[in-house]
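The values are calculated or read from the model by the stated rules, or taken from the named source; none is laboratory data. Nothing here was measured: the structure is a model prediction, and the numbers come from that model. Cβ placement follows ideal geometry from the backbone for every residue including glycine, while neighbour counts extend to all protein chains displayed. To get the accessible areas, we keep the full protein, side chains included, count just its heavy atoms, and leave off ligands, DNA and RNA. Shrake-Rupley method; radii C 1.70, N 1.55, O 1.52, S 1.80 Å.
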Amino acid sequence: MRPRRILIGTLAAVLGAFAIAVFAQPPQARPQGGSSAGTVAVPTGLREAGRALFAEGCSSCHGFEGEGVPGQAPSLRGAGEAAADFYLRTGRMPLDQVGEEPLRATPRYSDSQIRALDAYVASLGPGPAIPVVEPGRGSVSDGMQMFNESCAGCHGTGGKGGVAIGAYAPPLGEATPTEVGEAIRVGPYVMPSFSEAQLDQRDLDSIARYVQLTQNPDDAGGFGIGHIGPVPEGLVAWFAAIAALLLVARLIGQRNEGDEPGGEEGGKA
Amino acid sequence: MIRRAVRFLDQRAGAGSALGKALRYVFPDHWTFLFGEIALYSFVILVATGIYLTLFFEPSSSTIVYHGSYAPLQGQEMSKAYASALTLSFEVPAGLLIRQVHHWTALVFLAAIVLHLMRIFFTGAYRKPRDLNYYVGLTMLTLAVIEGYAGYSLLDDLLSGMGLAIGNAVALSIPVVGGQLGTLIWGGRFPGTDAFFSRLYIAHVFIFPVLIGSLMALHLAMVAIPRHTQFRGRRRRESNVIGTPLWPGYALRSLGLFFSVAAVLFALGGLVQINPIWQWGPYEPYLGTNGAQPDWYLGWLIGALRLMPHFDVVIGGYTLVPNPFWGGVLFPGLVFGFLYAWPAIERRLDRDYAPHNLLDRPRDNPRRTAIGAALFAWVATIFFAGAADRAFVQLGVPYEGQLWGYRAASVLVPTAAYLLTRRVCEHLREDGGHPGRGSGARVLARSRSGGFEELRPQGQSAADGEQG
């Protein structure tokens, strides 16, 4: 009877361990479809539509001509189409609160509105154009090396984010290839911008390809438990393995009051 | 059958009587006595899986260009060590399974030792005559932490390289001797020479395992020679042991535990990914990744390094004590120093120099339990601070705020733990109840004449008798 209890207990413990391990697995980020890339031929109508949208939603901070308001928001002259597209498609603009780090959110504008705003901001002064990023042309190995050299210090080697000095370096799980290229060229918030000389077109493709890999990494070893290494591993060790083994110990070991009358006395003082 | 084998041996080698005695060795029963066994069996699995890994791992820091089967790393320059760990993971049959089991087991090994330490501490099992063995246990814990660190540092991936960089900074921070110590271990400036790598390897696969294994044998012998401790209870006295004899009862049960440990660890190793080194990439000293973390058993040191405000002791332009010293050396020094010193401190405080073979329940000694609770709460608070950056990214708790919160908590939590534990223990001792078990209700018997008399539970009266 006891052995059966032990067996059942062990089984339950092992199953329990897996239940925990499975639930410890956060939902995986899905790579999103690429956003519209390509240089926009700027029809005047589009720019005018952008101007109207800008006056309504952005001018309170950036000024009516995008000239910037000291203490509120920077001038957008020379920010370029890439900056506008990046900040709008990642929902960072319009900002809620001056002084806060802009964070990724659901975009407030539709695709056509974003194109209009992009055109308007581009018309304010020369700035980086939206880069054309094609991960398929890049090399994932080069991308990984460049990412570890230039980006991992803030975003972490697997692109899972971290604390940058005075800022939040976001995880890149949702970034599209175009957004990766834009971020590299624009350098949002405390992130440095990288010029063509530092990272060329092929490098953008390679880095974007590597970022795609981090969004869907090769989990040869089983459940990925977040792909951030030791912290979730420690949680699983304690809350799955140790918890299961304590349960086993509890089932096969005795409690104090369970004194078996038949217990032998080893009085060998 | 075993008995027959004993008789066989006895008649030929005369060893039977000792063996027979060993088979009749009595193990007192309590489930918390099994934590140490979990650690023991983890060690067995660590050695077994480790041997398999040494057959394929190449401990060399000379570089090659990777052309293995993991495409994203093809063409990258890396150390042979890292490359062979990749081959081990992707090409060697069962290599990844064994590597993962080995790593999971290391985490569980350390966790089981810590649980075992807590059990020993809170039941007063470290008291004379077992204080020596307690020191052996603490020494094994220290060695096991270093052994684990050496183990994941060997792989030469980005995380392990950063771990070594931190270890190097901590070593260099030791006043006066730090520089020499760093040079001695690393053979020069970080990241060190080839010799460092072979030192790390031989330490991990030979020196430390042999030390731990020998101490473990000593530990077990020292458990058996003065007999096991046991909890107070019916018929249990300082001079006896009540429980299950080694054969057949205890050995089979223990074997069951071994299989359970192996089952859990192999299941984890097969199903849950641990340290996916191919996702981190190779290490170069100029590279660094955000959010690098050590294995959990070093998390308390990372927490301490994080929490310590920036200050160095500078005397006339010479930095006597660089910052990493506080969190990386002083803090673990204090914790382990206290644990080593505690049996002597307690003896002095209580003027109790007598040997003790009966365990206390945690409540029986509120002062000890409260001090232990405060100590472990302190370490745990600082441990959690080590993951503050993850809490920031995953849960969005502001990072600087967390640091100050943890700094406050590292004073408040231990204090609260001390006061609360002491109160609870004292209350329980008066009350006689057990948290989560029984209602504290009393059993009354009605006598013929109509009066009531309280029946005391059996175990307790015996315990009270012992205490007198």
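The single condition from (1) touching a residue at least 60 places away in the same chain (Cβ under 8 Å); (2) touching a Ser or Thr at 6+ places or on another chain (Cβ under 9 Å); (3) assigned to a helix (DSSP H, G or I) that B:His356 fails is (3).
Within segment B:189-223, the set of residues being surrounded by 13 or more Cβ atoms within 10 Å (Cβ to Cβ) and small (Gly, Ala, Ser) comprises B:Gly192, B:Ala195, B:Ser198, B:Ala203, B:Gly213. Cβ-Cβ distances below 9 Å connect the following pairs, each with a first residue in segment A:143-158 that is facing chain B (nearest Cβ under 7 Å) and over 18 Å from B:Gln293 (Cα atoms), a second residue that is among the hydroxyl-bearing types (Ser, Thr, Tyr) and open to solvent by 30 Å² or more (accessible area, probe 1.4 Å), and a separation of six or more residues or different chains: A:Glu149/B:Tyr286. The combined condition, being touching a Cys at 6+ places or on another chain (Cβ under 9 Å), in a helix (DSSP H, G or I), open to solvent by 50 Å² or more (accessible area, probe 1.4 Å) and of a type outside the set (A, V, I, L, M, F, W, C), is fulfilled by B:Arg367.
Taking residues in segment B:97-125 that are farther than 18 Å from B:Leu40 by Cα and at the interface with chain A (Cβ under 9 Å from one of its Cβ atoms), and partners anywhere that are aliphatic (A, V, I, L, M) and surrounded by fewer than 24 Cβ atoms within 10 Å (Cβ to Cβ), the pairs with Cβ atoms closer than 8 Å and at least 6 places apart or on different chains are B:Arg99/B:Leu53; B:Arg99/B:Leu88. Within segment B:219-240, if we keep just the residues that are within 15 Å of B:Leu132 (Cβ to Cβ) and among the small types (Gly, Ala, Ser), the residue that is farthest from the other protein chains (Cβ to nearest Cβ) turns out to be B:Ala221. Among the residues of segment B:378-401, those that are open to solvent by 20 Å² or more (accessible area, probe 1.4 Å) and either closer than 15 Å to B:Pro332 by Cα or more than 10 Å from chain A (Cβ to nearest Cβ) (or both) comprise B:Trp378, B:Val379, B:Ala380, B:Phe383, B:Phe384, B:Leu395, B:Val397, B:Gly401. Residues in segment B:254-283 that are touching an Asp or Glu at 6+ places or on another chain (Cβ under 9 Å) and closer than 20 Å to B:Ala39 by Cβ: B:Ser254, B:Leu257, B:Phe258, B:Val261, B:Ile274. Is one or more of the residues making up segment A:52-59 outside the structural domain of A:Tyr189 (by TED's automatic domain parsing), at pLDDT below 90, crowded, with 17+ Cβ neighbours inside 10 Å and within 27 Å of A:Phe194 (Cα to Cα)? No, the conditions are met nowhere in segment A:52-59.
Among the residues making up segment A:104-163, those that are of a type in the set (Ser, Thr, Tyr) and either in a helix (DSSP H, G or I) or more than 22 Å from the chain's Cα centre (by Cα) (or both) are A:Ser110, A:Ser112, A:Tyr120, A:Ser123, A:Ser141, A:Ser150.
Scanning segment B:102-147 for residues being open to solvent by less than 10 Å² (accessible area, probe 1.4 Å), at pLDDT 95 or above and either in contact with a strand residue (DSSP E or B) (Cβ under 8 Å, 6 or more places away or on another chain) or small (Gly, Ala, Ser) (or both) gives a total of 4.
In the set (1) part of a loop (DSSP other than H, G, I, E, B); (2) closer than 30 Å to B:Tyr318 by Cα, the condition left unmet by B:Gly124 is number (2). For segment A:81-110, the tally of residues that are closer than 19 Å to A:Thr176 by Cα and open to solvent by less than 70 Å² (accessible area, probe 1.4 Å) stands at 18.
Within segment A:195-208, the set of residues being without any contact (Cβ under 8 Å) to a residue 60 or more places away in the chain and either among the charged types (D, E, K, R) or open to solvent by less than 30 Å² (accessible area, probe 1.4 Å) (or both) comprises A:Glu196, A:Leu199, A:Asp200. With respect to B:Phe27, determine if the residue is in a strand (DSSP E or B), open to solvent by 20 Å² or more (accessible area, probe 1.4 Å) and not charged (D, E, K, R). Against the criterion (in a strand (DSSP E or B), open to solvent by 20 Å² or more (accessible area, probe 1.4 Å) and not charged (D, E, K, R)), B:Phe27 qualifies.
From the set of residues in segment A:221-251 that are open to solvent by 50 Å² or more (accessible area, probe 1.4 Å) and within 7 Å of another protein chain (Cβ to nearest Cβ), which is nearest to B:Leu86 (Cα to Cα)? The qualifying residue nearest to B:Leu86 (Cα to Cα) is A:Phe223. Looking across segment B:401-443, the residues that are of a type outside the set (D, E, K, R) and either at pLDDT below 70 or at positive phi (or both) come down to B:Gly432, B:Gly433, B:His434, B:Pro435, B:Gly436, B:Gly438, B:Ser439, B:Gly440, B:Ala441, B:Val443. Looking only at segment B:30-65, residues that are in contact (Cβ under 8 Å) with a residue 60 or more places away in the chain, assigned to a helix (DSSP H, G or I) and more than 20 Å from B:Ser89 (Cβ to Cβ) come to 14 in all.
Against the condition open to solvent by 50 Å² or more (accessible area, probe 1.4 Å), part of a helix (DSSP H, G or I), out of contact with any Phe, Trp or Tyr (no Cβ under 7 Å at 6 or more places or on another chain) and under 28 Å from B:Leu117 (Cβ atoms), how does B:Leu339 come out, does it pass? Judged against the criteria, B:Leu339 is not a match.
Within segment B:250-264, the residues that satisfy the criterion of being facing chain A (nearest Cβ under 9 Å) and of a type outside the set (S, T, N, Q) are B:Leu252, B:Arg253, B:Gly256, B:Leu257, B:Phe259, B:Val261, B:Ala263, B:Val264.
Tally time: how many residues in segment B:291-330 are more than 15 Å from B:Val145 (Cα to Cα), in a helix (DSSP H, G or I) and in contact (Cβ under 8 Å) with a residue 12 or more places away in the chain? Number of matching residues: 9. Scanning segment A:159-174 for residues that are of a type in the set (A, V, I, L, M) and without any contact (Cβ under 8 Å) to a residue 40 or more places away in the chain turns up A:Val163, A:Ala164, A:Ile165, A:Ala169.
Does B:Ile64 satisfy being surrounded by 20 or more Cβ atoms within 10 Å (Cβ to Cβ) and either in contact with a helix residue (DSSP H, G or I) (Cβ under 8 Å, 6 or more places away or on another chain) or within 9 Å of another protein chain (Cβ to nearest Cβ) (or both)? No: the conditions fail for B:Ile64.
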